[in-house]
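Novice: Pasting a structure below so you can have a look.
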Amino acid sequence: MFGSVLIANRGEIAVRVIRACRLLGLRAVAVHSVADADSAHVRLADTAICIGPAPARQSYLDQAAILAAAEVTGAEAIHPGYGFLSENAAFADRVEEAGLTFIGPAGATMRVMGDKIAAKRAMRAAGVPCVPGLDEGLPHDPGRVIEIAHDIGYPLILKAAGGGGGRGMRRVDREEDLLDALAVTREEGRSAFGNGEIYAERFLTHPRHVEIQVIADAHGHALWLGSRDCSLQRRHQKVIEEAPAPGIEPSQLAAVGERCAHACRQIGYRGVGTFEFLYEDGAFFFIEMNTRLQVEHPVTEMTSGLDLVELQIRVARGERLQLRQDEVTCRGHSFECRLNAEDPVTFKPSPGLITDWQMPGGPGVRIDTHAGPGYRVPPYYDSLIGKLIVHGATRDDALARLRAALDEARIEGIATNLPLHRRLASDTVFCAGGVDIHYLERGMSGGVA
């Protein structure tokens, strides 16, 4: 058990974790960079401490500074949020070695699931369906690489074993492009993730991105909490998410969900996590597991009625999950729009001063944010400034509520992607459900580039 939590993050997720801490009667400790000294999470926390200059590498990614802050403030646990150090196994180890609780899976588990090749092996062993391809890294022998690629078939995709966040991936359509693409992807893997190991999979041409949310305690109990569809993406970055995934038979989702829960029990997983799949022609193919809280967790909260951050903290405290699988239900439909400080056409970041901020309200509308009028969006971090989440009795009800909420929202002073979200929410193909992951980049039926 612990009574205080240091949030090793910033922005809306830090605010979200602070609210969960308050619900549980825990003291919340905020860390911040110089650039975030006046941020909402600093004001809301019980205690706040500066850990370094604006650049993330000198503050939110500085493990020593975060651990020192925990010592100085008397924090007993660390919540990593998402991004930054949330999937850093070495950091999880250092937290535990310091006598603190890491609110997430153990470092050893994170290493298995963070290495995409090891994760595929573990998932195949648990009976989770995977994308066709080898469960090992590509060799350095060019001739053998060409043979392996021929067996997999073109088009294929090269992926960095330590990759994530849309980086370290490259599509290859022809044999003559393979070796050059492999060399570039290896170097990208080394520089971005410190791991030059690359593996290859069949490139699915029109898949959807479907997720299964799970939670597991330290006593061998694991649950799956429903599905999400995150297919509206640009350069592998999600734009709109929804729950549940539309147009998939509940019995098929349940079968895959049970496999995911079984996999958690088999690998000794603890905490919240997300199994990510490509879904094509009625079949699921595992691609990776995120061993942390997802940005899109609110759509699962809205449809399940569960507070995932509260459950995550309770599990980290050693509590047993009180729910049975048959008590987990999905009610209605939910959408989440990621509100980014960026140009809606070019997607160029747009830091600066927000002069006007008006967010919608009413039944079934939720705003998760750290921004507001007078907030200056810094140029040093991710462009996410908030999330607009809606819930309705049906998918059509939720879409109507989403359109109304987006029409009501106003953000002035900086460019945002609100215009893009408004066009997407009225796009006939998206509204019908089941778009694939390439839809947004192909250009929707309304002319979004």
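Novice: In straight Cα distance, which lysines are under 24 Å from K387, not counting same-chain residues fewer than 8 positions off?
Specialist: Candidates past the 8-residue exclusion: K238, K348.
Novice: Write down the radius of gyration of the range 286-414 and its Dmax, each obtained from C-alpha positions, in Å.
Specialist: Answer for the range 286-414, Rg first and Dmax second: 17.1, 48 Å.
Novice: How charged is the neighbourhood of A14? Take every other residue with its Cβ under 15 Å from the Cβ of A14, and add Lys/Arg as +1 and Asp/Glu as -1. Write down the numbers at each step before the final one.
Specialist: Numbers: positive: R10, R16, R19, R22, R27, R43, R292, K387; negative: E12, D36, D38, D46, D368, D382.
Overall, the nearby charge balance is +2.
Novice: Also, I was wondering about something else. Counting only helical runs of four or more DSSP H residues, what would the 222 nm mean residue ellipticity of the chain come to if each run contributes -39,500 (n - 2.57) and the total is spread over all its residues?
Specialist: Values: 15 runs with 153 residues, N = 449.
One gets -10000 deg cm²/dmol as the mean residue ellipticity at 222 nm.
Novice: What whole-number value in cubic angstrom gives the convex hull volume per residue for the C-alpha atoms of the range 186-229? Intermediate values should be presented prior to the final figure.
Specialist: Working: hull volume 6.9 nm³, N = 44.
Hull volume normalised by residue count: 156 Å³.
Novice: Taking θ = phi - 60°, what integer Hz values does the Karplus form 6.51 cos²θ - 1.76 cosθ + 1.60 yield along the range 17-23, in sequence order, with x for Gly and Pro?
Specialist: After applying 6.51 cos²θ - 1.76 cosθ + 1.60, I find 5, 4, 5, 5, 4, 4, 4 Hz.
Novice: May I pose another question? Distance from the Cα centre of the range 160-189 to that of the range 315-362, in angstrom?
Specialist: That distance is 31 Å.
Novice: Collect residues whose amide H, placed 1.01 Å from N in the peptide plane, falls under 5 Å from the amide H of I240; neighbours closer than 5 in sequence don't count.
Specialist: L232
Novice: If we count every other residue with Cβ under 14 angstrom of V128's Cβ, Lys/Arg +1 and Asp/Glu -1, where does the sum land? Before the final figure, lay out the partial values.
Specialist: On the way: positive: K116, K120, R121, R124, R259, R265; negative: D135, E211, E258, E276, E288.
It works out to a net charge of +1.
Novice: Same structure, new question: Where does the Debye-calculated log10 I(q)/I(0) of the chain sit at q = 0.13 Å⁻¹, using only Cα point scatterers of equal weight, no solvent?
Specialist: -1.29
Read-outs: derived from the displayed coordinates by stated rules, not from any lab. Keep in mind the model is a prediction, meaning the values are calculated, not measured. A quick note on method: Cβ atoms are made from the backbone with ideal geometry, for glycine too, and the neighbour counts reach across all protein chains shown.
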